[in-house]
Amino acid sequence: MKNALITGITGQDGSYLSELLLEKGYNVYGVMRRKSVVDYGNTAHIKDRIHFIYADMTDVVSLITAMKISQADEVYNLAAQSFVATSWEQPIATADIDAIGVTNILEAIRVVKPEAKFYQASSSEMFGLVQEIPQTENTPFYPRSPYGVAKLYGHWITKNYRESYGMFACSGILFNHESERRGKEFVTRKITDAASRIKLGLASHVELGNMDAKRDWGHSRDYVRAMWLMLQQDKPDDFVVATGETHTIREFAALAFGKIGADIEWIGKGADENGVDRLSGKTLVKVSPKFFRPAEVDFLLGNPAKAERVLGWKREVPFDGLIELMVENDLLLNGPERGGRV
């Protein structure tokens, strides 16, 4: 039986990965930060099947202890300050966790169990101002936020430990992946939550930022499967994980509102744009400049050909299906019985 250690275990990806590994018979250990109130986040429903260890990505001693306790055969580093907007407000904290934190966990592995396999959660935000379309494993990086810059450090330090110490260390360059467990600060969940609240009479509209930004969106459950597959290979390597499709925020919003019976017509352009329901005439979407990034990432589109060829990975949840799952779950969460699925 294998042992796995997951940082960021209570988040969206950490919870889906935990479920996958438990199904495969792993002993799952998870790193948690000590808080005044214990919060198991998205793993609350499986917390009794996980061995939790208090540690912090900025404290290498605690990570060494976590490695000693878990004796992990596989380590998945999913811990991050993962919200791009917050990285502009907290650039130093983002660097400490998303950049230096990767070095800390790599050092912990090297000191305690260098034969352990390591997965680093890299991000499509590293491509930023994209240099080619679609983006592949060989596309030059040009990050456009403190988050993207910190993730790029984590990506390169992982590659350096692999090449310098012979460690089995991989990076998954994951494009946007969402789910019913996505935090409400992220634009996708913000939209589906708002659509459900409007449907239930709990809200009148939602405010959004750049409606023209294009993203490559998949479901988190599909993407954690790619993470696991990377660590089952004979040799470590880096892989783009994406759908090969790109859609605008406007498209996402229109489909989400379509799930509640609203037919959106877009009026205006840029910061003055509104989404109006053709049937009721009500403004359901308002565009606000306060949600625009200081440096925007306009176009992300990944090419998953290598992951499909080498790993045998394919996404299973289509774009429309992703939105339907999220809207349906938010309707349940916000409804009278508040019994949303996870």
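Restricted to segment 254-301, and to residues that are outside any strand (DSSP E or B) and of a type in the set (Ser, Thr, Tyr), which residue is most open to solvent (accessible area, probe 1.4 Å)? Top of the filtered list is Ser280.
The requirement of being of a type outside the set (Phe, Trp, Tyr) and under 29 Å from Lys282 (Cβ atoms) is satisfied by Asp212. Look through Met32, Met57 and report the one residue that is at pLDDT below 95, of a type in the set (A, V, I, L, M) and open to solvent by less than 30 Å² (accessible area, probe 1.4 Å). Exactly one of Met32, Met57 is at pLDDT below 95, of a type in the set (A, V, I, L, M) and open to solvent by less than 30 Å² (accessible area, probe 1.4 Å), namely Met32. Look at segment 1-14: where a residue is in contact (Cβ under 8 Å) with a residue 12 or more places away in the chain and closer than 11 Å to Ala79 by Cα and a partner is part of a loop (DSSP other than H, G, I, E, B) and of a type in the set (Gly, Ala, Ser), sitting 6+ places away or on another chain with Cβ atoms under 7 Å, you get Thr7/Ala79; Gly8/Ala79; Gly8/Ala80; Gln12/Ser179; Gly14/Gly8. Scanning segment 302-316 for residues that are in a loop (DSSP other than H, G, I, E, B) and touching a Gly at 6+ places or on another chain (Cβ under 7 Å) yields Asn303, Pro304, Arg315. For the condition farther than 27 Å from Pro140 by Cβ and touching a strand residue (DSSP E or B) at 6+ places or on another chain (Cβ under 7 Å), His247 does not qualify. Within segment 70-90, being open to solvent by 40 Å² or more (accessible area, probe 1.4 Å), polar (S, T, N, Q) and closer than 28 Å to Arg293 by Cβ holds for Ser82, Gln90. Going through (1) in contact with a strand residue (DSSP E or B) (Cβ under 6 Å, 6 or more places away or on another chain); (2) modelled with pLDDT under 95; (3) in a helix (DSSP H, G or I) one by one, Ile105 falls short only on (2). Say we look at segment 91-150 and pick out the residues that are among the charged types (D, E, K, R) and under 21 Å from Tyr223 (Cβ atoms); which of these is surrounded by the fewest Cβ atoms within 10 Å (Cβ to Cβ)? Checked segment 91-150; the qualifying residue surrounded by the fewest Cβ atoms within 10 Å (Cβ to Cβ) is Glu137. Note on segment 208-229: residues that are surrounded by fewer than 24 Cβ atoms within 10 Å (Cβ to Cβ) and more than 27 Å from Asp193 (Cα to Cα) amount to 2.
Across segment 64-94, the number of residues qualifying as within 17 Å of the chain's Cα centre (by Cα), more than 25 Å from Leu20 (Cα to Cα) and modelled with pLDDT of 95 or more comes to 1.
Can you find even one residue in segment 61-74 that is hydroxyl-bearing (Ser, Thr, Tyr) and touching a helix residue (DSSP H, G or I) at 6+ places or on another chain (Cβ under 8 Å)? Checked against the condition, which is being hydroxyl-bearing (Ser, Thr, Tyr) and touching a helix residue (DSSP H, G or I) at 6+ places or on another chain (Cβ under 8 Å), segment 61-74 yields no hits at all. Scanning segment 110-138 for residues that are over 14 Å from Val241 (Cβ atoms) and assigned to a loop (DSSP other than H, G, I, E, B) gives Lys113, Pro114, Glu115, Ala116, Gly128, Leu129, Val130, Gln131, Glu132, Ile133, Asn138. Residues that are in a helix (DSSP H, G or I) and aliphatic (A, V, I, L, M) were ranked within segment 151-203; the one that is most open to solvent (accessible area, probe 1.4 Å) is Val187.
The values are calculated or read from the model by the stated rules, or taken from the named source; none is laboratory data. Here the structure is a predicted model, which means the values were calculated and not measured. Note that we place each Cβ from the backbone using ideal geometry, even for glycine, and neighbour counts take in every protein chain shown. Calculation scope for accessible area: heavy atoms of the full protein, side chains included, ligands and nucleic acids excluded. Shrake-Rupley method; radii C 1.70, N 1.55, O 1.52, S 1.80 Å.
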